[in-house]
C-alpha cells in the first residue's frame, strides 16, 4: 500500500477529511523552506503538496507566481527540490509528498530520469497542471514504474465524459479544482462543491480532494465536510510572503507564523465532521 493509500485509509478510520497543504520549494529561501517542510506534519498537514518552481505558472495566481520567482531567484532547481524530499524522508517516512507544477521542467530534466529520481527521493505523487492524459504516455509509464501516483485535476466545467477520461488511469486521489480560473481567487459555494464531488465519486473510488479559493480555517472545515481532503495553498504562501520585509528579508517568526496558520487550519478541519468519509 502506498503512502497516499495508507493516509486516506487512516483518515477514513478517523472519520474525518484530510488537510493537504501547498508550499513552494525554495520559498522564501532554501533554509527556511526546509524548515517549513519539516514542520508541516507536526502542524497538522496530512499530505504535502510541494510546488516545483517554474517561470510561467499559468494556472497560479500572483501569490504563487511570486513565490516561484523568489525560489528561482534564490537558486532553486529541480535537483534541489528532489533533494528537499530526500532530506525530509530521513525523519518522516509516512507523510505523503506530492509534487505539483508544470511539465516543462520535467521535460527538460528528462521524463524517465526525473521519474526515477523522484521515486528514489521519496515522492509519492505528481500533479502536472498542463499535461493532459492524451499527451502523457512518455511520462506516465516511467512514473508508475517508479511507484509514483498520477493525480488528475478535474475542473467545474468538466463534463461527465471528460471525467471518465480523467479518472481512467488516475491514482492516489483526484483533485477537484473548485473554481474557474487561477489559484487564490474566488471561492466556490459549498453546495456546488458537494454536488460536483458527488458527481466525480460516481465515476471513481479514488478519494476526492478539493482546492483553489480556500483561504480560511472555516472554509477549509466546510469543504472537509463534503470531500475527502481540503487543499490550501495560496493562503499558506501568503503567510510566507507576509513574513518578508520590503527588501525580501525574512522575519524571525516567519516559519512559526506559517506553521501556526497551518495548525489553525488543521484544527478546524479535524473538528469539521463526525462519521467516516464516503
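Per the conditions (1) farther than 25 Å from residue 213 by Cα; (2) over 19 Å from the mean Cα position of the chain (by Cα), the sole criterion not satisfied by residue 163 is (1). Condition check for residue 19 on (1) surrounded by fewer than 23 Cβ atoms within 10 Å (Cβ to Cβ); (2) not in a helix (DSSP H, G or I): one failure, at (1). The residue of region 80-92 that is nearest to residue 133 (Cα to Cα), among those that are free of Cβ contacts under 8 Å to residues at least 40 places away in the same chain and touching a helix residue (DSSP H, G or I) at 6+ places or on another chain (Cβ under 8 Å), is 85.
When region 29-47 is filtered for residues that are crowded, with 24+ Cβ neighbours inside 10 Å and either under 14 Å from the mean Cα position of the chain (by Cα) or part of a loop (DSSP other than H, G, I, E, B) (or both), the ones remaining, listed by number, are 40, 45, 46, 47. Taken across region 261-278, residues that are touching a residue at least 12 places away in the same chain (Cβ under 8 Å), part of a loop (DSSP other than H, G, I, E, B) and within 18 Å of residue 127 (Cβ to Cβ) do not occur at all.
Each value in this text was obtained by applying a stated rule to the coordinates, not by laboratory testing. This one's a predicted model, so the numbers in the text were calculated from it and none came from an experiment. Cβ sites come from the backbone with ideal geometry, for glycine too, and all protein chains shown count toward neighbours.
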